[in-house]
1. Cross-link candidates for Lys62: which lysines have Cα within less than 28 Å, leaving aside residues fewer than 8 places away along the same chain?
2. For a Förster distance of 30 Å, can you work out the FRET efficiency between the beta-carbons of Lys139 and Ala42, rounded to the nearest 0.05?
3. At 0.36 nm per residue, minus the direct Cα-Cα distance, what do Ser35 and Arg85 gain on full extension? Give it in nm, one decimal, please.
Amino acid sequence: MSDANSESGTTPKTLAEKVNYLLTKAIPPGEEIPSDRQICEAINADAGRTVISHVTFGKLRKGTQTETSDERLDAISDYFGVNRRFLRTSEEEAVRDIAEQLSFLASIGSGDITGAAGRGADVRGLSPDLLAYVNDLVKQVQEHGIPGPEDLLGTADSD
């Protein structure tokens, strides 16, 4: 399945889109994306028993199986380090929030952002709206460069 949904800026909606999104966004930059078998071996080793097979994970990733148990969702979420709500198709707001957080973390990992502090931050970090704003700013700078003083002069009101 293509990862076009995340490249175009839309939020992944189906379980398959979310799993594929995690495979491309939650794996640290420069690391090879693990196979279905490697993911399931790690999940099962962490659980100390078989929770999911690579066949089932592959079906979830490809979209040929659209639902699974809460236990499997928990295990997959734990593997990728995201809240289980991300994998729930009925909780679009949670998916948007986590997608923004992953995008923000990717910007930090790539060096586009070197630190963050904001008035919108609380114990859980920056708000989803603030993260979206920061992600948008990073994208604008990547596309157009850092604005200089001459860019800002045109926006000032004249008397």
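1. Those lysines meeting the cut-off are Lys13, Lys18, Lys25.
2. Working: r = 32 Å, r/R0 = 1.08.
Efficiency, rounded to the nearest 0.05: 0.40.
3. Working: separation 50, 0.36 × 50 = 18.00 nm, distance 2.34 nm.
Difference between extended and current length: 15.7 nm.
Bear in mind that the values in this text are calculations on the coordinates, not laboratory data. This is a predicted model, so every value here is computed, not measured. Here Cβ is always computed from backbone atoms with ideal geometry, including for glycine, and neighbour counts include all displayed protein chains.
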